[in-house]
Amino acid sequence: MLTLRARHLFDGHELHEDRVVTVDGGRIAAVSGPGPADVDLGAATLLPGLIDCHVHLAFDASPDPVAQLDRPGLADRMRQAARQHLLAGVTTVRDLGDRDYMALDLGLGPAEGPEILAAGPPVTTSGGHCWWLGGQADGEAAVRAAVRERARKGVHVVKVMVTGGQMTEGSHPHLLQYGPAELHAAVDEAHAAGLPAAAHAHSPQGIAHALRAGFDTIEHCAFWTEHSVEPDPHTIAALADSPVVVSMTAGIVPVPGLEVPAKIRERWPKTAGVMRDLYAAGVTFVIGSDAGIAPIKPHGLLPHAVRHLVDTGFHPLDVLRAITSVAAGACRVGTRKGRIAPGFDADLLAVAGNPLSDVTALRRPLAVYRMGLKV
Ligand SMILES: [Zn+2]
């Protein structure tokens, strides 16, 4: 048994002052008012361990992560990436695309890495976005078979590439990869297996298709067109009216001397506008850093993503909920992650200062606990 005291406690919903958390057997046993504790964290804030809803442990954040996949030692690099998240206070990651289902079985103990919720290889078309991860399936029957295979392998979520993406030669973010029949089939099979379905969708049409097909989360949701960014107010209103959760792709760590391609950089101001439109409409959102895909997206990026959204105009309290309790719900672990409350897993993060008045506090972790074990 262990007791921790901190001046502030964010429980996943609200901020409280001066609380003592009792941890027993890897779980939170009690949260009580001021009193003595084994560990006094002083003026720190205690939060639930953070949840990054979109990472790629198989990508090493190098200039060409796709080429690195074939280099020996991939499992070791994935374990290292997982550890970087944990050290940053991210105690749960959702891996939305690996090779050979490797993220499902990295063999890390609780104090060695975050809990990993993995999709395995994303379902994509032949030659489509991320086809080199091994998830190619064309037509309704093949898509159904692909989802069933993932369920048999024990994935936690099914990821479908609804539109093309950036990292794949010959794939275009503004173009659809699948028609409504295949998308409905994917969602239908995922739900039949008790799994949430995540749609990678950049374009307005892709987002609208994903919403109609019943996907549980829409990743990116950036309303990218061929040459610009064009948010569609009708689709945004429909997203806000639906139970769908939008996973905002946020967070960048500038790398000195590294140029972000102009065609991406030029879209940033409008992409920030889309985020503000989604937020103003009341869309339920979480954050996916897409860690690993580029040097500006290192593993453990989530605290930077929080700053990014606050700078974009989001209220810090909404963002903190998005990376704890709301994220846990979207990842279907809401009964044991994302909150500091009796019965929940003792995944905890202590940071210097109060992240509600200064979100950069999240980048100053003082202690991380995973299932009650100090990391
Ligand atoms: Zn991704």
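Report note on the peptides 61-71, 204-214: ranked by the mean count of other C-beta atoms within 10 Å, highest first, their order is 204-214, 61-71.
These residues, Met1, Met275, go from largest to smallest accessible area, 1.4 Å probe, as Met1, Met275. Multiplying each eigenvalue of the alpha-carbon gyration tensor of the chain by 5 and taking the square root yields semi-axes of 33, 22, 20 Å, largest first, rounded to whole angstroms.
Extension gain for Arg71-Ala192 works out to 39.9 nm (0.36 nm per residue, less the C-alpha to C-alpha distance). Charge dipole (Cα centre; +1 on Lys/Arg Cβ, -1 on Asp/Glu Cβ; no other charges) of region 50-330 amounts to roughly 340 debye.
Between Ser62 and Glu230, the contour length at 0.36 nm per residue exceeds the alpha carbon distance by 57.5 nm. Taken along the Cα-to-beta-carbon direction at a fixed 7 Å, the label points for Asp358 and Met1 span 3.6 nm. Mind checking which of Pro355, Ala43, Cys221 is farthest towards the positive end of the chain's charge dipole, using Cβ charges of +1 (Lys, Arg) and -1 (Asp, Glu) about the Cα centre? Going by the charge dipole, the pick is Ala43. For the chain, the 222 nm mean residue ellipticity estimated from helices alone, with every DSSP H stretch of n ≥ 4 adding -39500 (n - 2.57) and the total spread over all residues, rounds to -8000 deg cm²/dmol. In the context of the full set of protein chains, residues of region 121-199 present 38 Å² of accessible surface per residue (probe radius 1.4 Å, heavy atoms only). At a Förster radius of 25 Å, what calculated FRET efficiency corresponds to the Cβ-Cβ distance of Ala151 and Asp277, to the nearest 0.05? E(calc), rounded to 0.05, equals 0.10.
Ranking Thr335, Thr125 by solvent-accessible area of protein heavy atoms (1.4 Å probe, all protein chains present), from largest to smallest, gives Thr335, Thr125.
With contacts taken as Cα pairs under 8 Å at a separation of at least 6 residues, region 45-186 carries a relative contact order of 19 percent. Mean separation of Cα pairs under 8 Å and 6 or more residues apart, divided by the residue count, gives region 1-85 a relative contact order of 26 percent. Ordering Val93, Ser325, Val368 by the projection of their Cα atoms onto the charge dipole of the chain, which places +1 on the Cβ of Lys and Arg and -1 on the Cβ of Asp and Glu, puts Val368 at the extreme positive end.
Just the protein heavy atoms count here, and of the accessible area of region 50-330 at 1.4 Å, carbon and sulfur take up 54 percent. Relative contact order of region 50-330, taken over Cα pairs closer than 8 Å and 6 or more residues apart, is 20 percent. Ranked by the mean number of other Cβ atoms within 10 Å per residue, highest first, peptides 311-321, 40-50 order as 40-50, 311-321. For helix 180-192, report the angle its Cα long axis makes with the longest principal axis of the Cα atoms of the chain; keep it between 0 and 90° and round to the nearest 10°. Once rounded, the angle reads 40 degrees. In this rough spin-label picture, where each label sits 7 Å from Cα along the Cβ direction, the Ala29-Lys374 distance is 1.8 nm.
The values are calculated or read from the model by the stated rules, or taken from the named source; none is laboratory data. Everything numeric here is computed off the predicted structure, so don't read it as measured data. Virtual Cβ from ideal backbone geometry, glycine too; neighbours counted across all protein chains shown. In case anyone asks, the SASA skips ligands and DNA or RNA and just uses the protein heavy atoms, side chains included. Shrake-Rupley method; radii C 1.70, N 1.55, O 1.52, S 1.80 Å.
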